[in-house]
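J.: Structure incoming, see below.
The values are calculated or read from the model by the stated rules, or taken from the named source; none is laboratory data. Remember, it's a predicted structure, so these values are computed and weren't measured experimentally. For neighbour counting, all protein chains shown are included, and Cβ atoms are generated from backbone atoms with ideal geometry for every residue, glycine included. For accessibility, only protein heavy atoms count, side chains too; no ligands or nucleic acids. Shrake-Rupley method; radii C 1.70, N 1.55, O 1.52, S 1.80 Å.
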Amino acid sequence: LVHEGLVAREARTGVYSLGIRLLELGQAAQENFELRRVASPRLLALNRELDETVHLTVLDDDVVLYVDCFESSKRLRTYSVIGVRAPLHCTAVGKAILAFLDDDEQIRLVNRIPLERFTERTITDRAALLAHLRAVRARGWAVDDVEHEEGVRCVGVPVFDNRGRVCASLSISGPTQRIRTALLPSFARKARAAALDVSRAVGYRGS
């Protein structure tokens, strides 16, 4: 616990007290709670408009953490995964965050994360992933085209904080039978509009 900064030990008395890392974790938890609170109505509106599953995620070390979800009402759908972690390199939400990180941080993460193969379409080459992320940044949205789970396609977009940094991502996901490739640009426009509303609600002033 001392090594991780969760507690501190006073050298003279040997008494333990709470560490600075707990303060940082508490701050992160507060920020995520506030983000989820302001994002929830936008996610719900998007879910009701499209009747597809909508997720909100944040970066959690080397993975994404799902913090909110509204499911499709259709029998064939993707399900709620709140509290579950997923890889960055093959999910739309992960790539939407990775693509908009500062270049140095992006490269550090890409070099550190395991590029595990989940389907035949998973990108497992680091140079190819970096090139892919440049295309995502230029376009403004990411796609998981059956790269993480068979039969599932997702579109993901970034959410920015009051400092203009990517702080989360939002996605629309569903079975490939319904979320066809031709629909992705339309879904991306709707997701980007919702993400911009969320970004502005947490203080973002960009376009």
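J.: What is the residue count in the stretch 179-207 for residues that are hydroxyl-bearing (Ser, Thr, Tyr) and open to solvent by 50 Å² or more (accessible area, probe 1.4 Å)?
T.: Within the stretch 179-207, the first condition is being hydroxyl-bearing (Ser, Thr, Tyr), and the residues that meet it are 181, 186, 199, 204, 207.
Filter again for open to solvent by 50 Å² or more (accessible area, probe 1.4 Å), leaving 181, 207.
Number of matching residues: 2.
J.: What number goes with the only condition from (1) without any contact (Cβ under 8 Å) to a residue 24 or more places away in the chain; (2) closer than 22 Å to residue 85 by Cβ; (3) open to solvent by 80 Å² or more (accessible area, probe 1.4 Å) that residue 121 does not pass?
T.: Status for residue 121: all satisfied but (1).
J.: Let me ask something additional. Within the stretch 61-69, is even one residue farther than 24 Å from residue 139 by Cα, touching a strand residue (DSSP E or B) at 6+ places or on another chain (Cβ under 7 Å) and not acidic (Asp, Glu)? Let's see the steps before the verdict.
T.: Here is the first cut: in the stretch 61-69, the ones farther than 24 Å from residue 139 by Cα are 61, 67-69.
Okay, now just the ones that are also touching a strand residue (DSSP E or B) at 6+ places or on another chain (Cβ under 7 Å), so 67-69.
Those still in the list that are not acidic (Asp, Glu) too: 67, 69.
Scanning the stretch 61-69 turns up at least one residue that is farther than 24 Å from residue 139 by Cα, touching a strand residue (DSSP E or B) at 6+ places or on another chain (Cβ under 7 Å) and not acidic (Asp, Glu).
J.: Give the number of residues within the stretch 150-177 that are of a type in the set (Lys, Arg) and either farther than 18 Å from residue 54 by Cβ or outside any strand (DSSP E or B) (or both).
T.: Narrowing the stretch 150-177 to residues of a type in the set (Lys, Arg): 153, 163, 165.
Now drop any that are not either farther than 18 Å from residue 54 by Cβ or outside any strand (DSSP E or B) (or both), which leaves 163, 165.
Number satisfying all stated conditions: 2.
J.: Next question. Looking at the stretch 126-135, is at least one residue within 15 Å of residue 87 (Cβ to Cβ), in contact (Cβ under 8 Å) with a residue 12 or more places away in the chain and over 17 Å from the mean Cα position of the chain (by Cα)? Reasoning before the result, please.
T.: Going residue by residue through the stretch 126-135, those that are within 15 Å of residue 87 (Cβ to Cβ) are 126, 129, 132-133.
Pick out the ones that are also in contact (Cβ under 8 Å) with a residue 12 or more places away in the chain and you get 126, 129, 132-133.
With the extra rule that they be over 17 Å from the mean Cα position of the chain (by Cα), the set shrinks to 126.
Yes, the stretch 126-135 contains at least one residue that is within 15 Å of residue 87 (Cβ to Cβ), in contact (Cβ under 8 Å) with a residue 12 or more places away in the chain and over 17 Å from the mean Cα position of the chain (by Cα).
J.: While we're looking at this one, here's another question. Just give me the residues in the stretch 8-43 being surrounded by 14 or more Cβ atoms within 10 Å (Cβ to Cβ) and either assigned to a helix (DSSP H, G or I) or modelled with pLDDT of 80 or more (or both), in sequence order. Break it down stepwise before answering.
T.: Taking the stretch 8-43 as the starting set, the residues that turn out to be surrounded by 14 or more Cβ atoms within 10 Å (Cβ to Cβ) are 8, 19, 21-22, 31-32, 35-36, 38-40, 42-43.
If the condition is that a residue be surrounded by 14 or more Cβ atoms within 10 Å (Cβ to Cβ) and either assigned to a helix (DSSP H, G or I) or modelled with pLDDT of 80 or more (or both), then 8, 21, 22, 31, 32, 35, 36, 38, 39, 40, 42, 43 are the ones that fit.
J.: To continue, here is another question. Being aliphatic (A, V, I, L, M), touching a residue at least 40 places away in the same chain (Cβ under 8 Å) and open to solvent by 30 Å² or more (accessible area, probe 1.4 Å) is the filter here, so list the residues in the stretch 64-85 that pass it.
T.: Residue satisfying the conditions is 76 alone.
Listed here are the residues, each with its yes/no results for (1) at positive phi; (2) in contact with a Gly (Cβ under 8 Å, 6 or more places away or on another chain); (3) acidic (Asp, Glu); (4) part of a helix (DSSP H, G or I).
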residue	(1), (2), (3), (4)
148	no, no, no, no
179	no, no, no, no
184	no, no, no, yes
191	no, yes, no, yes
200	no, no, no, yes
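J.: Kindly indicate the residue of the stretch 149-178 that is in contact with a Pro (Cβ under 7 Å, 6 or more places away or on another chain) and surrounded by 15 or more Cβ atoms within 10 Å (Cβ to Cβ) and also nearest to residue 106 (Cα to Cα) among those meeting that condition.
T.: Taking the stretch 149-178 as the starting set, the residues that turn out to be in contact with a Pro (Cβ under 7 Å, 6 or more places away or on another chain) are 151-152, 166, 169.
Filter again for surrounded by 15 or more Cβ atoms within 10 Å (Cβ to Cβ), leaving 152, 166, 169.
Values: 152: 26, 166: 12, 169: 15 Å.
It comes out as 166.
J.: Moving to a separate point now. Looking for something closer than 16 Å to residue 169 by Cα and touching an Asp or Glu at 6+ places or on another chain (Cβ under 7 Å) - is there at least one such residue anywhere in the stretch 62-83? Working first, answer last.
T.: Looking only at the stretch 62-83, we keep the residues that are closer than 16 Å to residue 169 by Cα, and these are 62-70, 80-83.
Then drop every residue that is not touching an Asp or Glu at 6+ places or on another chain (Cβ under 7 Å), which leaves 80, 82.
For the stretch 62-83, residues closer than 16 Å to residue 169 by Cα and touching an Asp or Glu at 6+ places or on another chain (Cβ under 7 Å): present.
J.: Determine whether the stretch 75-92 contains at least one residue that is of a type in the set (S, T, N, Q), assigned to a helix (DSSP H, G or I) and under 21 Å from residue 192 (Cβ atoms). Show your work before the answer.
T.: Initially, the stretch 75-92 is screened for residues of a type in the set (S, T, N, Q), giving 78, 80, 91.
Now narrow it down to the ones that are assigned to a helix (DSSP H, G or I): none.
No, the stretch 75-92 contains no residue that is of a type in the set (S, T, N, Q), assigned to a helix (DSSP H, G or I) and under 21 Å from residue 192 (Cβ atoms).
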